[in-house]
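Report on one structure; see the data block that follows.
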Amino acid sequence: MTSEEKPAEDPAAGDEVLEDPTIWITAHEIAAARGPWAQVEPERWGHRAESDATGAERDRLLGQIREVNEKLVVAIVEAQQRADEANAARVAADHNEERFRSLVQTSSAVVWQANRDGRVLVDPDAWRKFTGVVPGPGAWSWLEAVHPDDRDRVRETWADAVTTANPYTCQHRIRSCDGGYAWVVGHAVPVPRTGAVREWIGMMTDISDRVRVEQAREQFIAILGHDLRNPLAAILMGAEILGELPEPHRSVVARLVRSGHRIEAMIRDLLDFARGRLGGGIPVVPQPCDLLTVCNEVVEEMKQAHPERAIGFEAVGDLRGDWDPDRVEQLISNLVGNAVAHGTGPVRVTARDEGDDVVTTVHNQGPAIPSALLPILFEPFTRPASAADGGPSKGLGLGLYIASEIVHAHGGTLSVVSRDDEGTTFTIRWPRRMPQRRPRPTSQGGPTGAW
């Protein structure tokens, strides 16, 4: 067979070997370029081209498989790490839960939970150990262990917390395992703290020892203040008789009288404090009263007592309402006395008509009240430093507490704003008619400072 005869046979052979005519044509073009002696037989070229294409495809697939295997291995390693971390977290959570349960069991406390609607769920064993009774099946069955005088208040406080999704805090009495009643404080928070509430987690802690100490202290203060009044009255009466003595005895007697009146003011504060803490709040006797008259009298008295200070009074509108004039006078005198003692410059007292309310203010210049003191300013035994000498103020630190109790007894509010550039202003808002208010807990209800 000659080389000239091969081209006639190649197309048929190429059709049999190669399904793609493009490969066959390419093979013949390459063979023609090389010359007749270097031409490749179509069937051999077709097999080689097919082999090369298959190899490339195989390499591509193998590369994809290797890439997938690498990703799979990495994913397995990461999953194992996450599983190990989850197991470690679970073990830590179990340990923390065990420690927490041990802490609760060794303390005088009960942990409880409630659903989003406020239905309280308690552990029967823990509840029986704490109260000596078994909780019933009802939604409010746990209230049966609460002291009858405290049940309505506890129910209202809990219902209000559930409605507003705010943290719950309430101090009350509850049955104890010895058959009596123990003082407890209950706390509960919504979960989560923001957004839709899923559940509530709470704790009830026994605070009977603390309450007994507070009650004993306040009863001691009340008895002490009451028993000091009679001998002090005898001292002041004798001092007034000795006031006619000639000098230099007269000045000594005058100082004795001033000191006696200071002690008398402290005793009055102690008695008011005891009434506020143990007697359901400071008692008031509302009657028709004009703040214009009361404030004028107080300012005039303070002017005579402190002639070196400028004390003024401004009134606007109708200042009449139903208040206890003696208590209002005590409060205004207390605030003006504080302004003189702790402030500088003139003291300004104002009273203005605001419709259903009458608003009075007492303003003085001077250094601002420290910001750390403002949140507890109306707490008992709080004594700010005196602006005059930088030392602690005179008195027991009960004046502002008693002032706030007087305002509360009238259904009003007492607030303070204090800045270095503007001075200090106490603002009292008096409702003209005392609203019906729920009485504060008495000595049976425990110290009011914990509510």
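The values are calculated or read from the model by the stated rules, or taken from the named source; none is laboratory data. Please read these numbers as outputs of a predicted model, since none were measured by experiment. Reconstructed Cβ throughout: ideal geometry from the backbone, glycine too, with neighbour counts over all protein chains shown.
Across the stretch 165-196, what is the number of residues that are modelled with pLDDT of 90 or more, of a type in the set (A, V, I, L, M) and in a loop (DSSP other than H, G, I, E, B)?
Adding up the residues that qualify gives 1.
State which residue pairs qualify: first residue among the small types (Gly, Ala, Ser) and inside the stretch 156-175, second residue crowded, with 20+ Cβ neighbours inside 10 Å and assigned to a strand (DSSP E or B) in any location, beta carbons under 9 Å apart, and separation of 6 or more residues or different chains.
As it stands, the answer is Ala161/Tyr168; Ala161/Cys170; Ala161/Ala188; Ala161/Pro190; Ala161/Trp200; Ala165/Pro190, since those pairs meet every condition given.
Every residue, every condition in (1) in contact (Cβ under 8 Å) with a residue 60 or more places away in the chain; (2) more than 12 Å from Ile402 (Cα to Cα); (3) more than 38 Å from the chain's Cα centre (by Cα), yes or no:
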site	(1), (2), (3)
Leu270	yes, no, no
Leu291	yes, yes, no
Glu301	no, yes, yes
Val316	no, yes, yes
Asn334	yes, no, no
Val340	no, yes, no
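For Arg153, indicate whether it is more than 19 Å from Leu121 (Cα to Cα), in a helix (DSSP H, G or I) and at pLDDT 90 or above.
Values: more than 19 Å from Leu121 (Cα to Cα): yes; in a helix (DSSP H, G or I): yes; at pLDDT 90 or above: yes.
So Arg153 passes the test.
Let me spell it out: the conditions are (1) modelled with pLDDT under 85; (2) assigned to a helix (DSSP H, G or I); (3) among the β-branched types (Val, Ile, Thr), and Thr382 meets all of them except one. Which number is the exception?
(2)
Name every residue in the stretch 111-151 that is among the basic types (Lys, Arg) and over 17 Å from Trp200 (Cα atoms), in order of residue number.
Residues of the stretch 111-151 that are among the basic types (Lys, Arg), as a first pass: 116, 119, 128-129, 151.
Answer for the stretch 111-151, where residues must be among the basic types (Lys, Arg) and over 17 Å from Trp200 (Cα atoms): Arg128, Lys129, Arg151.
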